[in-house]
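Working notes, beginning with the structure itself.
The values are calculated or read from the model by the stated rules, or taken from the named source; none is laboratory data. What you see is a predicted model; the values in this text were computed from it and never measured. Quick reminder, even Gly has a Cβ in these numbers, built from the backbone with ideal geometry, and neighbours come from all protein chains shown.
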Amino acid sequence: MQFDKLVNLAQSVGDMMLSSVFKQDGKVPIDIGFKVDFDKLSGFDEGELARSDPDNFVRLLNNHVYKRLNYLYDEGFLDKEQDFYRAYTEKEMQEQIKRLENEDV
């Protein structure tokens, strides 16, 4: 049960961190490895659990982030440019949808 709470916390924190980086920079390094400020987890009940095993928490966090980035890339929401994942703009997504609609299948 505690492991599930730790995994859920890692997923939530990872999603928030990814969202923040995409909003700020519009791209994320492919080899990103997040560092965690455990003091910011003090408001979570699971924060103490994360602090009790910080290496495992950071491993879970980074595994989730890599899986999320690969999923978003595979689903067509991200592009790989050199050493970065870049989020498609709304206009680029609409152009891709139109291109797919016009293709003969």
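Of all residues in the range 60-105, exactly one satisfies the criterion of being of a type in the set (S, T, Y) and in contact with a helix residue (DSSP H, G or I) (Cβ under 6 Å, 6 or more places away or on another chain), namely Y85.
This table checks each residue for (1) part of a loop (DSSP other than H, G, I, E, B); (2) surrounded by 13 or more Cβ atoms within 10 Å (Cβ to Cβ); (3) of a type in the set (A, V, I, L, M, F, W, C).
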| position | (1), (2), (3) |
| --- | --- |
| K5 | no, yes, no |
| D15 | no, yes, no |
| S19 | no, no, no |
| G33 | yes, no, no |
| V36 | yes, yes, yes |
| R51 | no, yes, no |
| K67 | no, no, no |
| L72 | no, yes, yes |
| L100 | no, no, yes |
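Cβ-Cβ contacts under 9 Å between residues 6 or more apart (or on different chains), taken from a first residue in the range 63-90 that is within 11 Å of D31 (Cα to Cα) to a second residue that is of a type in the set (S, T, Y) and surrounded by 11 or more Cβ atoms within 10 Å (Cβ to Cβ), are listed as L69/Y85; Y85/Y73. Within the range 34-75, the set of residues being under 9 Å from the mean Cα position of the chain (by Cα) and among the basic types (K, R) comprises K67, R68. Here V65, V58, V36 are screened, and the one residue that is of a type in the set (V, I, T) and either at pLDDT below 90 or more than 29 Å from F3 (Cβ to Cβ) (or both) is V36.
Summed over the range 9-28, residues that are in contact (Cβ under 8 Å) with a residue 40 or more places away in the chain and either among the hydroxyl-bearing types (S, T, Y) or closer than 16 Å to H64 by Cβ (or both) total 10.
Working carefully through the options K40, K23, K27, find the one that is of a type outside the set (D, E), loosely packed, with under 13 Cβ neighbours inside 10 Å and within 27 Å of E81 (Cβ to Cβ). So that I can check it myself, show each step before the final result.
Numbers: K40 fails: within 27 Å of E81 (Cβ to Cβ); K27 fails: loosely packed, with under 13 Cβ neighbours inside 10 Å.
Criteria check complete, one pass: K23.
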